[in-house]
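The values are calculated or read from the model by the stated rules, or taken from the named source; none is laboratory data. What you see is a predicted model; the values in this text were computed from it and never measured. Cβ sites come from the backbone with ideal geometry, for glycine too, and all protein chains shown count toward neighbours.
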Amino acid sequence: MMTLLQFSAELSTILTIASWYLADLSKAQGKQELFTHQSPQKLKILREHALSGE
């Protein structure tokens with residue numbers, strides 16, 4: 001909560017730990033978007049294999 005208060009106070013510096021957390025969030029969001037785009041392709045392949053009886 002303190003980090004949000006500091007951001008709202010418009011400080012010119014960001015705590016190192018806050019920047020690490022923001023970087024981690026950014027990475028997680030990128031992975032989530034990649035998974036959501038790849039998931040339909042994987043499901044299509046799995047469905048084709050299931051229907052073909054392989």
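Key figures
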| item | result |
| --- | --- |
| Flag if H37 is modelled with pLDDT of 75 or more and not β-branched (V, I, T) | no |
| Output for segment 1-34, where each listed residue is at pLDDT below 75, among the hydroxyl-bearing types (S, T, Y) and surrounded by 10 or more Cβ atoms within 10 Å (Cβ to Cβ) | T3 |
